[in-house]
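Worksheet for the structure shown next.
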Amino acid sequence: MNYVLALLLPPLSILLTGRIFTAIVVLLIWIPAIIFSGGLTHPMFIILAWILIYQTRNHP
């Protein structure tokens, strides 16, 4: 379910993995990136969220 959430809101998905500081930094970068690039940078944040979710599931 977290992978699907990462498609829509990557910062929230990262926050749910337990990485609070990373989620805040990503949120501060994600909002201006979406506004100024018109959504072209969104896949980069999705991939970052998926990698962090994958790492969290494989390492307890």
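The values are calculated or read from the model by the stated rules, or taken from the named source; none is laboratory data. Note that this is a predicted model, so its numbers are computed, not measured. Remember, those area values only see protein heavy atoms, side chains included, never the ligands or the DNA or RNA. Shrake-Rupley method; radii C 1.70, N 1.55, O 1.52, S 1.80 Å.
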From the helices alone, meaning DSSP H stretches of at least four residues, give me the mean residue ellipticity at 222 nm for the chain, per-run term -39500 (n - 2.57), in deg cm²/dmol to the nearest 500.
-25500 deg cm²/dmol
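Output the Kirkwood hydrodynamic radius of the chain, Cα pairs only, in Å rounded to one decimal. It would help to have the intermediate numbers written out before the result.
On the way: mean 1/r = 0.0882 Å⁻¹.
Hydrodynamic radius (Kirkwood, Cα only) of the chain equals 11.3 Å.
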Keeping all protein chains in place and using 1.4 angstrom, which order do 56, 17 fall into by accessible surface area, from largest down?
56, 17
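How high is the relative contact order of the chain? Use alpha-carbon pairs under 8 Å, at least six apart in sequence, and give a whole percent.
Working: 47 pairs, mean separation 22.4, N = 60.
Reported relative contact order: 37 percent.
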Could you please state, rounded to a whole Å, how far the C-alpha centre of segment 1-25 is from the C-alpha centre of segment 31-60?
8 Å
